[in-house]
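Peer 1: Take this structure, written in structure tokens, and hold onto it; I'll ask about it next.
The values are calculated or read from the model by the stated rules, or taken from the named source; none is laboratory data. None of the values given here were measured: they were computed from a predicted structure. With ideal geometry, Cβ positions are generated from the backbone for all residues, glycine too; neighbour counts draw on all protein chains shown.
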């Protein structure tokens, strides 16, 4: 296969060259094109292992050559073994299966695990989709992040902020403090009091800062853009509405607001005026905080608590896009030959020298404030955040493709990201965007920029690794792959999967990422199951989970008295992904799938369901009815001029029917589940929670993106006005009551599952 985009050739060469600088190689054949995959018949060498301060990323070697010769599907599916699914098929589904080899069916299923959990008991042929595996990655990560925050980070964060405020108050009350520092200390005490009040509403506030603290809390409660009573600049207070999993209980919601304030509020170096009054004042504030971070706290120093949070979140999402307290501390040390004195902050000239040195450090790449980047800056103003939000590549891409980097383009599209990552179908669907002056040139520039990244860049943290796992979905499959994968419709379905999984990633990391503005069963005899053959995806998920487990284990964060089985869940998911890798390679190489492998595929859905839930004494504290549905939402971009945000989300999952073939060329009909994907604008004053999104899906759902509606075979099935006949089955192995519902008016089956405590 020749590269149709000459830019991609350079991208691949850059990755190959970068790999040689690290040592230890693994061969991958026919991986995704674009950023990291070559075309057919090209071998790419990439490192076997990447060592980081968090843990080691080990990617298993894959060596295979797709060699399937597709069997043509005959009219009426006459040469397809329907495996008991005949009663579920409507004429529209049959038509799509004949034309594409697969069909998506929207039947209002709310939980992606419902069909696979049900199928464990009714002998339905299983199609294990990448969607199901990627959703389980999301579930495991999101659940564990809740536990980290609930049991560890909230305590670390609260303790260190209390200690910082106590130390600032001691200095403020001391007899030796210079009077010129009193107003600076008051601002810091107010800043820390706001965080503590958000974490615990019972927190007392010193009288001398009560007014400005209450004014700031009122700004947060109103949730609209306003000038900060403490920092004096315009802040988007709509960002403080708890979203993502932080709506599940009050403790998580409070943690969200406190950490959001610590992440978004920046101590500026320069206010862009000649006097730089605000910049000098806020630099003094930052240095005062840095000074007190060395104070003792429970036989440690406050730095240690800061470091416990930052080291873990830096791996999960990425390093702070803003300057950090550590960087300020190092500059201060260098300027004073290691002798840090509080009295130095009374010297205006010294503070100005510090500002000059700090201005030499990295600039933020993402503007997350309601201002344009200053002329000559890479992005927004430099400054320090106590827990700065992370740089993420997708937010950076968004910022580069909107105003004021592109005239008149006010909103990005999710497709922009995957176009930059090398998807030709994404580029095709974005053809109309080329009407914006400079858009095409920007895309080319970004492709070159990301093409120069090394393999270690793509695996530097969990967030990047998740994106890295999605890249194989961007490839247009050709000779040697299953027949149903050799069409634009399938490439679009895979692109929808990539976007939906990316939406889950944004949902899980909404607090930390900077926003641009199994029970054993017997295998039914004769049932043929299938794995969606993307071995690179499964192997990358396994490598990511293995690295996450190692890093958490080293830091004592893997175990919990309250929440059990997480070590087992990590190990189980790694094993499943490794097995799916091996099975999908056998499928692509047209080898016979053994009886045990068929059994393994059949039980995979049940195993993934087990991994996706929180077990433990107080699991109910972290989950609600909202978590029983797959639908989630995240706002990923803010456009302050129109007062709107871009929301991306997953709706109700679709059933997917797929005609697959075995090593002899015999065709079988299988069934699985896949994502749906939504993208729409919403008032910034009403950023959606998962609960609000699920309600919207029931009452006034937005339209699907045009490119999905126009290019994917999605069959809509309504059950409302059809007389139904119900058959209730009791699942003996898992206490689940299952209803099998057949519509008398139409020739298909509808399933409903109800869990009973």
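Peer 1: Among the candidates 649, 665, 672, which residue alone is outside any helix (DSSP H, G or I) and at positive phi?
Peer 2: Every option except 665 fails the conditions.
Peer 1: Which of the residues belonging to the range 470-488 are in a helix (DSSP H, G or I) and touching a strand residue (DSSP E or B) at 6+ places or on another chain (Cβ under 8 Å)?
Peer 2: 483, 484
Peer 1: Hey, among 681, 617, 628, which residue is at pLDDT 95 or above and surrounded by fewer than 22 Cβ atoms within 10 Å (Cβ to Cβ)?
Peer 2: 681
Peer 1: Among the numbered criteria (1) in contact with a helix residue (DSSP H, G or I) (Cβ under 6 Å, 6 or more places away or on another chain); (2) assigned to a helix (DSSP H, G or I); (3) not assigned by TED's automatic domain parsing to the domain that holds residue 590, which single criterion is violated by residue 177?
Peer 2: Residue 177 satisfies all of (1) in contact with a helix residue (DSSP H, G or I) (Cβ under 6 Å, 6 or more places away or on another chain); (2) assigned to a helix (DSSP H, G or I); (3) not assigned by TED's automatic domain parsing to the domain that holds residue 590 except (2).
Peer 1: Here is a further query. Take the residues in the range 247-290 that are in contact with a strand residue (DSSP E or B) (Cβ under 6 Å, 6 or more places away or on another chain) and part of a helix (DSSP H, G or I); name whichever of them is nearest to residue 307 (Cα to Cα).
Peer 2: Per the criteria, the residue is 286.
Peer 1: Can you report the number of residues in the range 440-459 which are crowded, with 18+ Cβ neighbours inside 10 Å and out of contact with any strand residue (DSSP E or B) (no Cβ under 8 Å at 6 or more places or on another chain)?
Peer 2: Total meeting the criteria: 9.
Peer 1: Ok, one more. Checking residue 63 against (1) touching a strand residue (DSSP E or B) at 6+ places or on another chain (Cβ under 7 Å); (2) on the phi < 0 side of the Ramachandran plot; (3) buried (at least 16 other Cβ atoms within 10 Å of the Cβ); (4) in a loop (DSSP other than H, G, I, E, B): exactly one of these is not met. Which one?
Peer 2: For residue 63, the exception is condition (3).
Peer 1: Could you look through the range 83-107, keep only residues that are surrounded by fewer than 18 Cβ atoms within 10 Å (Cβ to Cβ) and assigned to a loop (DSSP other than H, G, I, E, B), and pick out the one that is modelled with the highest pLDDT?
Peer 2: Going through the qualifying residues, I end up with 90.
Peer 1: Evaluate the range 509-519: report whether one residue or more is farther than 30 Å from residue 309 by Cβ and modelled with pLDDT under 95.
Peer 2: yes
Peer 1: Taking residue 87, is it touching a strand residue (DSSP E or B) at 6+ places or on another chain (Cβ under 9 Å) and farther than 22 Å from residue 593 by Cβ?
Peer 2: The answer is yes for residue 87.
Peer 1: Can you say whether residue 123 is at positive phi and in the same structural domain as residue 556 (by TED's automatic domain parsing), as far as the supplied structure shows?
Peer 2: Yes.
Peer 1: Further question: Which one of the conditions (1) assigned to a helix (DSSP H, G or I); (2) within 14 Å of residue 383 (Cα to Cα) does residue 220 fail to meet, given that it meets all the rest?
Peer 2: (2)
Peer 1: Another question about this same structure. Go through (1) surrounded by fewer than 23 Cβ atoms within 10 Å (Cβ to Cβ); (2) out of contact with any strand residue (DSSP E or B) (no Cβ under 7 Å at 6 or more places or on another chain) for residue 133 and report which single condition fails.
Peer 2: With respect to (1) surrounded by fewer than 23 Cβ atoms within 10 Å (Cβ to Cβ); (2) out of contact with any strand residue (DSSP E or B) (no Cβ under 7 Å at 6 or more places or on another chain), residue 133 is out only on (1).
Peer 1: Also, I was wondering about something else. Is it the case that the range 713-725 has a residue that's modelled with pLDDT under 95, within 30 Å of residue 428 (Cβ to Cβ), touching a helix residue (DSSP H, G or I) at 6+ places or on another chain (Cβ under 8 Å) and part of a loop (DSSP other than H, G, I, E, B)?
Peer 2: Within the range 713-725, one or more residues are modelled with pLDDT under 95, within 30 Å of residue 428 (Cβ to Cβ), touching a helix residue (DSSP H, G or I) at 6+ places or on another chain (Cβ under 8 Å) and part of a loop (DSSP other than H, G, I, E, B).
Peer 1: For the range 198-216, give me the residue count where each residue is closer than 16 Å to residue 258 by Cα, assigned to a helix (DSSP H, G or I) and touching a helix residue (DSSP H, G or I) at 6+ places or on another chain (Cβ under 6 Å).
Peer 2: 4
Peer 1: Filter the range 291-321 down to the residues that are over 25 Å from residue 552 (Cα atoms) and touching a strand residue (DSSP E or B) at 6+ places or on another chain (Cβ under 8 Å) and list them by number.
Peer 2: Selection gives 294, 295.
Peer 1: Taking the condition buried (at least 16 other Cβ atoms within 10 Å of the Cβ), in contact with a strand residue (DSSP E or B) (Cβ under 9 Å, 6 or more places away or on another chain) and modelled with pLDDT under 95, does residue 324 pass?
Peer 2: Against the criterion (buried (at least 16 other Cβ atoms within 10 Å of the Cβ), in contact with a strand residue (DSSP E or B) (Cβ under 9 Å, 6 or more places away or on another chain) and modelled with pLDDT under 95), residue 324 does not qualify.
Peer 1: State which residue is surrounded by the fewest Cβ atoms within 10 Å (Cβ to Cβ) when the search covers only the range 485-519 and only residues that are over 25 Å from residue 542 (Cβ atoms) and more than 16 Å from the chain's Cα centre (by Cα).
Peer 2: 488
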